[in-house]
Amino acid sequence: MEIASKYDPQNIEEKWYQYWIEKHLFESSPNNKEPFTIVIPPPNVTGVLHMGHMLNNTIQDVLVRRARMRGYNAVWVPGTDHASIATEAKVVAMLKEKGIDKRSLSREEFLKYAWEWKEKYGGIILKQLRKLGASCDWERTKFTMDPEMSEAVTKVFVDLYNKGKIYRGVRMVNWDPKALTAVSDEEVIYHEVQSKLYYVRYKIEGTENEYVTIATTRPETILGDTAICMHPDDERYKHLRGKRAIVPLVNRSIPLIFDEYVDREFGTGALKITPAHDINDYNLGIKYKLDTINIFNDNGTLNESAQFLVGVDRFEARKQIIPLLEAAGNMVKIEDYTNKVGYSERTNEVIEPKLSLQWFCDMASLAKPALDVVMDDEIKFYPEKFKNTYAHWMENVKDWCISRQLWWGHRIPAYHLPNREFVVAESKEAAYKLATEKYPELNLTMDDLKQDEDVMDTWFSSWLWPISVFDGIRNPDNKEVNYYYPAAVLVTAPDIIFFWVARMIMAGLEWRKSIPFRHVYFTGTVRDKQGRKMSKQLGNSPDPIMLMDKYGADGVRLGMLLCSPAGNDLLFDESLCEQGRNFNNKIWNAFRLVKGWEIDENGAQPSHAATAVRWFNARLNDALAEINDHFEKYRLSDALMAIYKLIWDDFCSWFLELVKPPFQKPIDGKTYSEIIDIFEKLMLVLHPFMPFITEELWHNLRERGEGESIMTATMPEADSRRETELIERFANTQKVIENIRRIRAEKNIPQKNAISLSVLKSSADADSEMDAVISRLCNVEAINYVNEKPESAVSFIEMNTEYFVPFVQSAEEKEKELVKLNADLAYAQKFLESVKRKLANEKFVNGAPEQVVAIERKKQADAEEKIRILNEQIARLK
RNA sequence: GGGAGCUUAGCUCAGUUGGUUUAGAGCAUCUGCCUUACAAGCAGAGGGUCAUAGGUUCGACUCCUAUAGCUCCCACCA
């Protein structure tokens, strides 16, 4: 059989994914096994796969595949999120390109376009996940705006409203003038920006030439000023009490007020108050019953109330008002200034504080139990440090603005009545019933009920995800939700800990009276090599699909996981995928080697091969325990590295080299079948990380039945019995072999030239088992146990035993060797001194545990022995 | 302004309750090899005053304090 020397992932990966789908291997339904549930953090329905998804979903796939192989009934529920703002923005942009203005459309018309768009582009990301190898149960794919999912959202809204936890009111909210909607506090991102601080003077009413000067970063809002505020104890302004000032340009008379809120140190100590456009000013406005003048339109342009610059955008107005103020003699000076400005997470537009009528969800009562379950470790966070972040937010949680002035999303189930009242119900019919009962005097018809125009924040559906994907809101006692809920683990990014994680916990406790998942694994942020976040603007994000085409999905998965310690950011570099691809190739070639052998069923097993098998199985057992430990702590990259080294070093470099039959000779049947067993186990252990190549080789190692898959094979588990002694003996042998190889390299003794090895040691202490290993790997024809040091030989020390390789050294070589030996001697002596010092210290000998002292004494004896041998070696060379 | 975390080899990171650690791994680097599984490879080698300064201790990469630098989160100083 001719097998290519380079592994080609393309066809193999496609073939097996197809196979898994056809054989329904990803699918799960409740049975008597223990469930292991993961629900995907639903990506935006119109999104495309980026590196963050790659990391996140690779991790989920590793966890779910491993659980499946360990006998759990594992399910990974996929789906997408309707992503209200983002999707609506995309649809608006798409319409604009077609020359259609959203405002010219009715709600129904717009939604028709939006759904068309969703059908066309939605779910691309789910297809991309298949390329990655994601073992999602696609039959369960959910979308947050599926009819059943939407019903659940409505139900929950009504429930909360009836419990008094949802209310409607006029509040200062974060307004996105681009998306034309309110957004929640969590959706505002603050950036530091270079701006200006403008000092503007306002004339004191009734004086000729008396002014008060304020400092502001937003001079355009002067047009909406309704007061000026100073600190009550500020000596500079005491004389102004009870007076009024004139707003520049608009010549409005406004009161001077005094409040401790003002920082006397900042600017001039006088603050202009614009209650309609600043949250602090708004609060002062309430306190002092000030007028509120809204000077902005919803899109951020100035309106009639501003009187000046009407129709001009707020930033343009900021520029244009300067000459006006200068001309009026009110501009005092302009300074450079750095301040923080809030931007909308979705549109990157500067947020405008705006007073508006919105729906809010009262969070305090939901937060308390959700805080407790995390603090008590009923839900465990990995890494744990996020508990702090979580606690801080939960303890200071504010009410959640849940209404959005958008069309794409779940419409608020409130129905307004002609009498300006409203009712909240799950359907228009139910609302009608409720309304007629409540207001029989109105003689309502269905047409009198007008549903609220707003939709809900996207997260108001996402927070139900772990429940609603199993229909647990509408049918709280159904078989599925009872079986799969709660999820075993949630894998997500820390930046949505408040948006999503916290709220899912609240929702789980509120509607199912239990936690939604037991563990939360927070991944890091994927950054580029310079540590910058990957972003479209920077263009530093590689396209995952191209990476997978180039290196194979297995290769990219490995590349991602090699650099992803839990919770730490990972600096991604394409070379890591190369490492992954190389690993594929290494495994592939190991397989080629094994498959290339001729088998002699009756051949006797050589002793070195028997040793190799015994040793490798012991090593594998150790590794399994280590891997298990890493998994329990969610240290996936450590687990992967353990497997990587097990395969590359222990299996390929040591084991296979040792069992390899002589050139063109057959291998004995016993060893061969043991090798296949081991190879198979390695594929099983690696499978969660590299699903494709492991499936391919698993099928090639043995005949498999129809429909069989490594996916459903049983993961090898560690045996509690450890063969420490064998592993140690082998490790010492490895060191001896490395020494011989070093000497061969240094002295240019080719591998094909057989050598003999002398050991200064009684033959009674010989380890013939390991001697066979040395002979095999180093081409040693004879190992002699001697009492006398041989002449003309190069020596080395291992475990305080001296070994000799016959070799006539030149004077120059001897000189070099001497230098090295002297360096070793100096090191050993220094080491001995430090150990002796320690042992001479009475406090140490008395204070330290007996065991520790014993170790030190052993160190001393070993060091002394080593020095003795080194001295002998040096004497001999001289 | 408040809080959390980080700082160990050129890079990315391990280092579990202080004591088999004058510190490990992977990658990268250097040297020698196209040795018929693999040059996407093999064999070998070099490389670190564990951020800095103190302290606790018989003993500190590990505990404490301060300092510096970095990262993240939170917060209404115009």
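What follows draws every value from the coordinates through simple rules; no lab data is involved. From a predicted model like this one, the values you see are computed outputs, not experimental measurements. No Cβ is skipped: glycine too gets one built from the backbone with ideal geometry, and neighbour counts run over all protein chains shown.
Report the full-extension gain for the segment A:T714 to A:R70: residue separation times 0.36 nm, less the Cα-Cα distance, to one decimal in nm.
231.2 nm
Starting with the fewest neighbours, write out A:C361, A:C229 ranked by other beta-carbon atoms found within 10 Å of each beta-carbon.
A:C361, A:C229
At A:T445 and A:N251, where each label point lies 7 Å from the Cα along Cα→Cβ, what is the point-to-point distance in nanometres?
So the label points at A:T445 and A:N251 sit 5.4 nm apart.
Using 1/(1 + (r/R0)^6) with R0 = 22 angstrom and r between the beta carbons of A:D372 and A:K398, what's the FRET efficiency to the nearest 0.05?
Between A:D372 and A:K398 the formula returns 0.70.
So how much slack lies between A:H699 and A:I599, counting 0.36 nm per residue of separation and subtracting their Cα-Cα distance, in nm?
34.1 nm
Give the angle, between 0 and 90 degrees and rounded to the nearest 10, that separates the Cα long axis of helix A:553-562 from the longest principal axis of the Cα atoms of chain A.
So the helix axis and the longest Cα principal axis differ by about 90 degrees.
When every alpha-carbon pair in the stretch A:661-807 is counted, what percent end up more than 28 Å apart?
Every Cα pair in the stretch A:661-807 considered, those over 28 Å come to 43 percent.
Take the alpha carbon atoms of the stretch A:373-414, find their center, do the same for the stretch A:94-162, and report the distance between the two centers in whole angstrom.
Between the Cα centres of the stretch A:373-414 and the stretch A:94-162 lies a distance of 23 Å.
How large is log10 of I(q)/I(0) for the stretch A:516-661 at q = 0.10, 0.12, 0.22 Å⁻¹ when the intensity is taken from the Debye formula with one equal scatterer per alpha-carbon?
-0.49, -0.66, -1.35
Under 5 Å between amide hydrogens, which residues at least 5 positions from A:S195 or on another chain qualify, with H placed 1.01 Å from N in the peptide plane?
A:Y337, A:T338, A:N339
So if I take the centroid of the Cα atoms in the stretch A:679-733 and the same for the stretch A:443-476, what is the distance between those two points in Å?
49 Å
Sorted by packing (mean other beta-carbon atoms within 10 Å per residue), highest first, where do A:474-482, A:402-410 land?
The most tightly packed comes first, giving A:402-410, A:474-482.
Given N residues in the stretch A:738-861, what is Rg(Cα) / (2.2 N^0.38 Å)?
1.35
Can you tell me which of A:538-547, A:344-353 comes out highest on packing, and rank the rest after it, using the mean Cβ neighbours within 10 Å?
Put in order of decreasing packing, that is A:344-353, A:538-547.
Take the alpha carbon gyration tensor of the stretch A:745-793, find the square roots of its eigenvalues, order them as a ≥ b ≥ c, and report rounded if a/c is under 1.5; if not, report prolate when a/b exceeds b/c, else oblate.
Here the stretch A:745-793 falls in the oblate category.
Using Cα positions and a limit of under 25 Å, work out the lysines in reach of A:K536, with same-chain residues fewer than 8 apart set aside.
A:K90, A:K96, A:K98, A:K118, A:K120, A:K127, A:K131, A:K178, A:K340, A:K550
Would you mind getting me the FRET efficiency between A:D477 and A:H519? Use the beta-carbon distance for r and R0 = 22 Å, nearest 0.05.
Result of the calculation: an efficiency of 0.30.
For A:M799, A:M69, A:M94, A:M456, which order do you get if you count the other beta carbons within 10 Å of each Cβ and list the fewest first?
Arranged by neighbour count, lowest to highest, A:M799, A:M69, A:M94, A:M456 become A:M799, A:M94, A:M69, A:M456.
Would you list A:V786, A:V773 from fewest to most Cβ contacts within 10 Å?
Exposure proxy ranking, most exposed first: A:V786, A:V773.
With θ set to phi - 60°, apply the Karplus curve 6.51 cos²θ - 1.76 cosθ + 1.60 along the stretch A:421-430 and write out the HN-Hα couplings as whole Hz, x wherever there is a Gly or Pro.
In residue order, the calculated couplings are 8, 9, 10, 10, 7, 6, 8, 5, 4, 4 Hz.
Starting from the stretch A:5-108, pick out the trypsin sites (Lys or Arg not before Pro) whose DSSP state is loop and whose Cβ has at most 14 other Cβ atoms within 10 Å.
A:K6, A:K33, A:K98
Can you tell me the orientation of helix A:724-746 relative to chain A, as the angle in degrees between its alpha-carbon axis and the longest Cα principal axis, to the nearest 10?
Approximately 80 degrees, to the nearest ten.
Quick one: of the DSSP bridges fully inside chain A, what percent are antiparallel, nearest 5?
The answer is about 70 percent antiparallel.
With an 8 Å Cα cut-off and a minimum separation of 6 or more residues, compute the relative contact order for chain A in percent.
12 percent
Amide H of A:C229 versus every other amide H placed in the peptide plane: which residues, excluding those fewer than 5 positions away on the same chain, fall under 5 Å?
Counting only residues 5 or more places away or on other chains, the set is A:I257, A:L271, A:K272, A:I273.
Take the Cα of A:D452, step 7 Å along the line toward its Cβ, and report every residue of the stretch A:167-197 whose backbone nitrogen sits under 17 Å from that point.
Label zone hits: A:167-174, A:181-185.
Just tell me which lysines come within less than 21 Å, Cα to Cα, of A:K243; anything on the same chain fewer than 8 places away is out.
By straight Cα distance, A:K243 reaches A:K203, A:K272, A:K287, A:K289.
Which angle between 0 and 90 degrees, to the nearest 10, do you get for helix A:636-645 versus the longest principal axis of chain A when only C-alpha atoms count?
The answer is roughly 20 degrees.
Which trypsin sites (Lys or Arg not before Pro) does the stretch A:481-563 hold that lie in a coil by DSSP with at most 14 other beta carbons within 10 Å?
A:K513, A:K529, A:R532, A:K536
Output needed for chain A: three equivalent-ellipsoid semi-axes, defined as square roots of 5 times the C-alpha gyration tensor eigenvalues, in descending order, whole Å.
70, 38, 24
Under 17 Å Cα to Cα from A:K595, which lysines show up? Leave out anything in the same chain fewer than 8 places away.
Filter leaves A:K6, A:K586, A:K660, A:K665, A:K670, A:K681.
Could you list the square roots of 5 times each eigenvalue of the Cα gyration tensor of the stretch A:1-86, that is, the equivalent ellipsoid semi-axes, sorted largest first and rounded to whole Å?
27, 22, 12
Obtain the nm distance between the two label points defined at A:Y211 and A:N784 by a simple spin-label model: each point lies 7 Å from its Cα along the Cα-to-C-beta direction.
10.7 nm
Is it possible to state the helix-based mean residue ellipticity at 222 nm for chain A, with each DSSP H run of 4+ residues giving -39500 (n - 2.57), the sum divided by total residues, to the nearest 500 deg cm²/dmol? What is it?
-13500 deg cm²/dmol
How large is the Kirkwood hydrodynamic radius of the stretch A:174-291, in angstrom, based on all distinct alpha carbon pairs?
Final number for the Kirkwood radius of the stretch A:174-291 is 15.3 Å.
Between A:D495 and A:F315, how many nm apart are label points set 7 Å from Cα along the C-beta direction?
Distance between the two pseudo-spin positions: 2.1 nm.
Test of understanding: what is the full-extension gain from A:L571 to A:K858, defined as 0.36 nm times their sequence separation minus their Cα-Cα distance?
98.9 nm
What is the calculated FRET efficiency for A:A610 to A:R837, with r their C-beta to C-beta distance and R₀ = 60 Å, to the nearest 0.05?
Efficiency, from the Cβ-Cβ distance: 0.80.
Using only alpha carbon positions, build the gyration tensor of the stretch A:347-452, then give the equivalent ellipsoid semi-axes as the square roots of 5 times its eigenvalues, largest first, whole angstrom.
Equivalent ellipsoid semi-axes, largest first: 39, 19, 12 Å.
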